[in-house]
Amino acid sequence: MLSFDIFALSASLWMSFALRYGQWSPPTRPLDFLIILSAPLVAIPIFVRLGLYRAVIRYLPERALWTILRATTLATLCWVVVIFLSQITVSFVVPRSVPILYWALSTIAIGGSRFIAKKLLWPNGSNRLQNKPIAIYGAGEAGAQLANALRRQGNHRIVGFLDDNRTLHGRDVASIRVFPPTDIGMLTEQYGVQEVILSIPNLTAARRREIVAYIGGQGIKIRTIPPITDLVDGRYLVTQIREIDIDELLGRSSVPPEPKLLRSMIEGKAVMVTGAGGSIGSELCRLIVKLAPKSLILFEANEFALYKIERELCADQTVTVVPILGSIVNPQLVERAMADHAPDVVFHAAAHKHVPLIEANALEGIRNNVLGTKMVLDAAYAGGVANFVLISSDKAVRPTNVMGATKRWAELLVAQKAAEAAAAGTGQRFAAVRFGNVLGSNGSVVPLFKEQIAKGGPVTLTDPTMTRYFMSIHEASELIVQAGALSQGGDIFLLDMGKPMLIRDLAENMIQLAGLTVRDANHPEGDIEIVVTGKRPGEKMFEELFYDESAVETTDHPKIRRSPKENAISIEAAFDELMAAVEAQDEPRARLCLFKLIEKPAAA
């Protein structure tokens with residue numbers, strides 16, 4: 001590069017004189033050679049200072065042209081000063097047009113040589129037809145950076161930008177034309193665009209839903225770049241394009257967690273999580289290890305699930321992780337775990353949660369969810385556990401299925417144990433946290449829909465008007481820990497789940513995110529059909545978080561509310577009757593006992 005620049009600058013100056021005088025004969029006098037060599041002698045130090053020789057030609061960005069322009073302009077001005085000073089002592093005259101011609105020719109030579117070399121070293125034009133045609137939604141700074149990064153990779157052909165800003169329509173950003181979003185059909189038809197990448201990092205959930213509905217509704221796959229906070233924190237690069245998660249379309253307003261609440265519950269304490277290998281339990285464990293606990297005890301009945309979460313958590317060598325394989329209905333194992341490891345905090349997430357399966361296996365559901373909860377509660381109380389948090393469900397409110405009824409029983413058992421602790425003055429706090437569905441959890445509809453879409457459909461719904469509450473696993477875990485820190489004993493906390501969502505809307509959004517269209521009577525040419533199979537045994541058309549919403553109390557956290565304290569209910573006799581029916585394998589009597597106690601709730 002240095003050798004070429006010396007030659008190019010000398011040639012540019014000679015050509016400037018030749019153009020001015022109309023004489024193309026080579027220089028012969030020593031003074032002529034000295035004048036021509038003065039050009040690189042003045043320019044090269046300036047080029048070095050401005051970094052023209054630090055750039056890697058293969059990855060030279062278009063904005064480097066401005067650096068080259070600045071360098072040649074400064075070099076020309078300095079050369080003019082040198083020549084002017086020389087003219088005072090030497091009898092020769094440089095015409096005024098020569099510096100202008102020299103500036104133009106040197107800029108073309110220096111800049112053009114670099115970009116021609118870049119094209120020769122990176123011949124992306126040869127495989128242009130093989131590159132995947134895409135469009136980028138958002139012609140801002142992030143979009144321009146993404147376009148430059150994708151062009152350097154050479155495996156995408158960027159057909160154009162889509163942007164809502166009308167002032168940009170028809171103009172070029174990063175040498176790429178900007179189109180209105182309504183032109184997506186034209187781009188698909190004429191250029192074969194089958195994918196759109198969202199490059200608006202701070203896009204609101206409502207606007208994201210609108211874009212997904214419009215773009216995805218035309219059978220075009222949509223992906224996105226990470227949120228702006230992740231880009232700023234350095235956790236992702238702008239080129240790390242990812243799939244849009246369905247929870248990004250929920251429209252929920254996220255509230256950052258309160259660090260004080262998280263630390264006060266976990267930091268420096270021994271924490272046990274039952275059901276540690278499950279979806280909620282494992283996410284709780286991932287959150288807990290980041291909060292510097294003294295130790296983390298993983299209690300799990302599934303061997304493979306326990307192995308996976310232990311291996312993942314053991315990557316953090318600063319936390320002692322203790323795996324315990326076994327069932328919560330094994331009282332000796334639960335008591336020994338409490339005695340050996342003396343947990344300060346217990347999160348009880350172990351439960352059977354799949355509604356149709358538990359409906360078909362009611363006795364096992366009752367044994368695990370009711371008897372197991374009581375065994376863990378008794379061991380925690382006897383072991384002096386300071387904080388106990390039950391992971392409950394919105395299905396515990398006016399339950400119509402065995403799973404919901406067992407969760408309601410678990411809430412009553414927690415309330416009874418809290419009353420015992422208060423009467424004995426132990427200072428122990430027992431609480432329950434009630435919330436709806438978490439996206440992507442074991443048994444949720446999201447993995448099922450993904451599997452059905454991957455197979456080409458159909459996507460099955462039990463009822464098109466059925467609604468459910470949804471939240472992300474990570475948000476649920478953060479709120480569970482913070483709710484435990486707010487516990488006063490005997491609380492039932494209710495997580496703010498936003499507005500319930502139609503299951504059909506969820507299915508349609510997931511189909512659109514996959515770049516497919518819904519096949520129905522209005523669109524018989526669509527890709528995936530949605531089939532209604534009918535409501536399953538025990539399913540409700542809608543779920544509730546409250547028995548009486550008007551009586552719900554607020555807490556210091558805007559996303560956590562508290563149910564009013566319930567009147568004390570004696571459940572010992574009902575519990576003994578229920579367990580007797582389970583032991584006798586009398587399912588009809590067990591169901592009768594299960595629902596009889598909770599038909600008229602006190603105040604939850």
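The numbers here are math on the coordinates, done by the rules we state, and not lab data. Quick caveat: nothing in here was measured; it's all calculated off a predicted structure. When we count neighbours, we look across all protein chains shown, and the Cβ atoms used for this are built from the backbone with ideal geometry, even at glycine.
Some values worked out for this structure:
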item	result
Summed residue charge, Cβ within 14 Å of residue 93's Cβ, Lys/Arg positive, Asp/Glu negative	+1
At most 11 other Cβ within 10 Å, DSSP loop - trypsin sites (Lys or Arg not before Pro), the stretch 95-124	96
Listed peptides 41-49, 524-532, 500-508 by packing density, highest first (mean Cβ within 10 Å)	500-508, 41-49, 524-532
Exposure proxy order (Cβ contacts within 10 Å, fewest to most) of 183, 163	183, 163
Mean projected area in nm² (Cα convex hull; one quarter of hull surface) for the stretch 2-121	7.6
Radius ratio Rg over Rh of the stretch 1-60, counting only Cα atoms, Kirkwood formula for Rh	1.08
Spin-label model distance (nm) - residue 97 vs residue 529, 7 Å beyond Cα toward Cβ	7.9
